[in-house]
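The values are calculated or read from the model by the stated rules, or taken from the named source; none is laboratory data. Remember, it's a predicted structure, so these values are computed and weren't measured experimentally. For neighbour counting, all protein chains shown are included, and Cβ atoms are generated from backbone atoms with ideal geometry for every residue, glycine included. Just the protein is used for accessible areas: all its heavy atoms, side chains included, with ligands, DNA and RNA removed. Shrake-Rupley method; radii C 1.70, N 1.55, O 1.52, S 1.80 Å.
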Amino acid sequence: ALYRIAQDMGKNYFFSYAVLVSYLFFFGVQYALDFDFHANVFTAAFLAWMFWAFHFKKHVVYWIFFALTLITREVAPLFALLFGLYLLIFHWKKARIQGAITFILAGAYFFLLVYYLMPMWQEAGVVLAYFDVHTPSKSPIAIAWAILADPITMLQNIFGTPVKIRTLHNLPASFG
């Protein structure tokens, strides 16, 4: 999918192959290939095909890969949400409806999944490691307000542990 987008945009085979090779040499892809199974592989693949479908105006395929992206991981809707925001900002004239629907559905699904469905699993004895979901009674509006009102806590969650800092450091280094 990424090769086809690069080929269409750049009309240059060398550039298209460079994009493809840089993606394949990315340490996250290499690690996923060495690991038994990892849902991130599906998330990345479905996102790439979702981008391809948007670029080539394949609307039905776009929504299929959008739905597949949402069900891969609990954080995957955030990637789709940001793609919807990208469409709203940079493709306002051509794709504002598609961007708005993507943004709203991904955001709603994320809040539903993280703050309503996952707490039900936690109460049933399933351990959840990614989110603090101890407040299932809060509404999505209250949660969004808490994020906006306390950005320091959000930044601590992003940069708070040495593992996260090392991952953020290694992310651009693999493309160097």
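Rundown of residues vs (1) open to solvent by 40 Å² or more (accessible area, probe 1.4 Å); (2) β-branched (Val, Ile, Thr); (3) in contact with a strand residue (DSSP E or B) (Cβ under 8 Å, 6 or more places away or on another chain), yes/no style:
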{"site": "47", "(1), (2), (3)": "no, no, no"}
{"site": "52", "(1), (2), (3)": "yes, no, no"}
{"site": "57", "(1), (2), (3)": "yes, no, no"}
{"site": "69", "(1), (2), (3)": "no, yes, no"}
{"site": "74", "(1), (2), (3)": "no, no, no"}
{"site": "77", "(1), (2), (3)": "no, no, no"}
{"site": "80", "(1), (2), (3)": "no, no, no"}
{"site": "87", "(1), (2), (3)": "no, no, no"}
Considering residues of the range 30-40 that are part of a helix (DSSP H, G or I) and out of contact with any Ser or Thr (no Cβ under 9 Å at 6 or more places or on another chain) only, the residue least open to solvent (accessible area, probe 1.4 Å): 32
Index of the failed condition, residue 21 passing every other in (1) modelled with pLDDT of 90 or more; (2) farther than 23 Å from residue 117 by Cα; (3) of a type in the set (Val, Ile, Thr): (1)
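So, in the range 91-115, exactly how many residues are assigned to a helix (DSSP H, G or I), surrounded by fewer than 16 Cβ atoms within 10 Å (Cβ to Cβ) and either touching a helix residue (DSSP H, G or I) at 6+ places or on another chain (Cβ under 9 Å) or at positive phi (or both)? Can you show your working first?
Initially, the range 91-115 is screened for residues assigned to a helix (DSSP H, G or I), giving 92-115.
Checking the rest, the ones that are also surrounded by fewer than 16 Cβ atoms within 10 Å (Cβ to Cβ) come to 92-94, 96-97, 100-101, 104, 108, 112.
Filter again for either touching a helix residue (DSSP H, G or I) at 6+ places or on another chain (Cβ under 9 Å) or at positive phi (or both), leaving 92, 94, 96, 100-101, 104, 108, 112.
Matching residues across the range 91-115 total 8.
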Residue match in the range 50-60 (condition: small (Gly, Ala, Ser), out of contact with any helix residue (DSSP H, G or I) (no Cβ under 7 Å at 6 or more places or on another chain) and closer than 21 Å to residue 3 by Cβ): no
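Quick one: in the range 1-23, which of the residues that are in a helix (DSSP H, G or I) and open to solvent by 80 Å² or more (accessible area, probe 1.4 Å) is farthest from residue 52 (Cα to Cα)? If you could, list the steps in order and put the result at the bottom.
Start the filter on the range 1-23 by keeping residues that are in a helix (DSSP H, G or I), which leaves 2-10, 13-23.
From the residues that got through so far, the ones that are open to solvent by 80 Å² or more (accessible area, probe 1.4 Å) too are 4, 9, 13-15, 17.
Details: 4: 8, 9: 11, 13: 17, 14: 19, 15: 17, 17: 16 Å.
Within the range 1-23, the match that is farthest from residue 52 (Cα to Cα) is 14.
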Search result, residues across the range 69-89 that are touching a Phe, Trp or Tyr at 6+ places or on another chain (Cβ under 7 Å) and in a helix (DSSP H, G or I): 69, 70, 77, 78, 80, 81, 84, 85, 88
